[in-house]
Amino acid sequence: MAHVKRNYPRLQQAYIDAVGPKVLKEFGLENVHQLPKLTKIVVNAGVGKYLDNQKLKPEVRDQFISNFSVITGQKPVMLKAKKAVAQFRVRRRDRMWHFMDRLINLAIPRIKDFRGVKDKSFDKGGSYSMGLTEQAVWPEINMANATITHGMHITFVFEKSNPKMSRFLLAELGMPFVKPEERKQKKA
């Protein structure tokens with residue numbers, strides 16, 4: 001039986017072919033099993049300000065569900081408290097990589113007066129968090145039909161990583177971090 005080569009999402013293929021080997025070399029790792037692994041991307045939004053007497057208005061709930069379904073490629077889960085709205089699990093790994101590709105190459109460049117995402121939002125395990133102030137940056141969202149404007153919080157969860165490795169990996173995949181020279185100019 002012949003082995004069938006799998007078609008990976010574009011960024012995942014870039015990670016396998018080019019970025020992974022660069023990380024190995026840059027950080028002196030001995031084998032591919034030591035590479036940082038993007039395990040999931042968590043996308044969430046708080047709906048607290050849209051509550052009417054502790055109940056989410058149906059039209060607002062439907063708008064959130066519709067927006068997150070279009071943006072992430074899967075139906076979100078609405079949970080109370082501080083839980084994730086949409087998580088990409090192992091069986092949805094392709095969707096995770098497609099979402100990341102659209103975020104980096106379509107949504108972020110549409111941010112008005114964009115100068116790069118901050119590179120200080122890494123935790124000690126290498127996971128990276130960022131926020132978007134409104135859903136309008138996603139080309140698939142038709143703001144003419146939107147009844148509300150909402151932002152979202154996005155977390156890239158890594159295993160076997162640290163802030164330096166994750167930042168290097170994300171930058172190599174195209175995450176547009178603020179350039180060090182622009183950061184210095186801002187302070188002056």
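The values are calculated or read from the model by the stated rules, or taken from the named source; none is laboratory data. Note that the structure is predicted; figures quoted are calculated from it, not measured. With ideal geometry, Cβ positions are generated from the backbone for all residues, glycine too; neighbour counts draw on all protein chains shown.
For residues that are assigned to a helix (DSSP H, G or I) and out of contact with any Gly (no Cβ under 7 Å at 6 or more places or on another chain), tally how many sit in segment 126-174.
Number satisfying all stated conditions: 13.
Find all pairs meeting these conditions: Cβ atoms under 6 angstrom apart; at least six residues apart or on different chains; first residue within segment 147-167 and touching a residue at least 24 places away in the same chain (Cβ under 8 Å); second residue hydroxyl-bearing (Ser, Thr, Tyr) and part of a helix (DSSP H, G or I).
Qualifying pairs under 6 Å: PHE158/SER166.
State yes or no: is PRO109 modelled with pLDDT of 90 or more, in contact with a Leu (Cβ under 6 Å, 6 or more places away or on another chain) and surrounded by fewer than 17 Cβ atoms within 10 Å (Cβ to Cβ)?
no
Would you say VAL137 is in contact with a Lys or Arg (Cβ under 9 Å, 6 or more places away or on another chain), of a type in the set (A, V, I, L, M, F, W, C) and at pLDDT 95 or above?
Against the criterion (in contact with a Lys or Arg (Cβ under 9 Å, 6 or more places away or on another chain), of a type in the set (A, V, I, L, M, F, W, C) and at pLDDT 95 or above), VAL137 does not qualify.
Mind checking whether some residue in segment 161-179 is at pLDDT 90 or above and of a type in the set (Lys, Arg)?
Yes, segment 161-179 has at least one match.
Looking only at residues that are touching a Lys or Arg at 6+ places or on another chain (Cβ under 9 Å) and surrounded by 18 or more Cβ atoms within 10 Å (Cβ to Cβ) in segment 4-37, which one is farthest from LYS75 (Cα to Cα)?
Once the filter is applied, the top-ranked residue is LEU35.
Output the residue which, of all residues in segment 143-167 that are among the hydrophobic types (A, V, I, L, M, F, W, C) and surrounded by 14 or more Cβ atoms within 10 Å (Cβ to Cβ), is farthest from TYR128 (Cα to Cα).
Per the stated criteria, the residue is ALA146.
Hey, can you tell me all the residues within segment 38-63 that are part of a helix (DSSP H, G or I), modelled with pLDDT of 80 or more and crowded, with 16+ Cβ neighbours inside 10 Å?
Selection gives GLN63 alone.
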